[in-house]
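The values are calculated or read from the model by the stated rules, or taken from the named source; none is laboratory data. Note that the structure is a prediction, hence the values are computed from the model and not measured. Please note: Cβ atoms are built from the backbone with ideal geometry, for glycine as well, and neighbour counts cover all protein chains shown. Side chains included, ligands, DNA and RNA excluded: accessible areas come from the protein's heavy atoms. Shrake-Rupley method; radii C 1.70, N 1.55, O 1.52, S 1.80 Å.
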Amino acid sequence: MENLSLSALAGQCTVLAGSNGSGKSTVLSMLAGILKPSSGKITAHGRIGYVPQGTALLEDATVEENLNFFASLAKASVPRELPFSVESYKKKLVSTLSGGMKKQVSIACAAIGDPQIMLLDEPCAALDITFRDEMIRLVEKWKREGKTVIYVGHDPAEFYSFFNTLVFIAPTPLICKKEALQDTNKGLEEFTKFYKANLENLKRK
């Protein structure tokens, strides 16, 4: 991946798409400050909340202890109500949770302190359809609040309703604005065809 240049705006969602190994997670890690780019510059305005593809949770601690730990890093307090009703199982050890529950806790931890920028690496990967719908509502809420959302996903049904910019990560990245895509006006089915066709084209290059 080279020559990636983009701007992610407040109140909008930028989706990073691409085949496995294309560099989507690497881009998020650089935006989060975990990895340093070999060239170029990244500028972020505001605090960042980051949900990695795996988990950054303390496995031998309870959900509540994890929430308190990430709250201390953000110099904030833990909200009474958390995404996905995470507060309902806060006494459980993280190591005993399912993959989906760990993802929910990761999202709740990342959102503590009201960050202005949310980086989400496949947040729906371990979530069932009910929680996926809640994830969609959460992203839409963040957009209304003026947050910048950068989202990595593979399934167009996840992000079709809320994306503003779609970036196909490739040797020569392809950046598409939603308002410029005529097929998005025809619904999810046509958009999915567009999405898959571009992935296949980029694989051949």
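Cross-link partners of residue 203 among lysines, defined as those whose alpha carbon lies under 16 angstrom from its own and excluding same-chain residues fewer than eight positions apart: 24, 193.
Placing 80, 132, 47, 137 in order of accessible area, with the largest value first and a 1.4 Å probe, yields 80, 137, 47, 132. For the chain, the fraction of 1.4 Å probe accessible surface lying on carbon and sulfur atoms is 50 percent.
Express as a percent, rounded to the nearest 5, the fraction of DSSP beta bridges in the chain (both residues included) that run antiparallel. The answer is about 25 percent antiparallel. Of 111, 125, 76, the residue with the greatest mean-square motion in the GNM of the chain, using alpha carbon springs below 10 Å, is 76. What is the angle, in °, between the Cα long axis of helix 129-144 and the longest principal axis of the Cα atoms in the chain? Nearest 10 is fine, range 0 to 90. With rounding to tens, the tilt is 80 degrees. Cross-link pairs exceeding 23 Å between alpha carbons, from the set 143/178; 91/141; 102/196; 92/143; 103/143: 91/141; 102/196; 92/143. The charge dipole of the chain, taken about its Cα centre with unit charges on the Cβ atoms of Lys, Arg (+1), Asp and Glu (-1) only, comes to about 440 debye. In a simple Cβ point-charge model (Lys, Arg +1; Asp, Glu -1; nothing else charged), the stretch 92-205 has a dipole of about 220 debye relative to its Cα centre.
Think of a 1.4 Å ball rolled over the protein heavy atoms: the chain then has 53 Å² of accessible area per residue.
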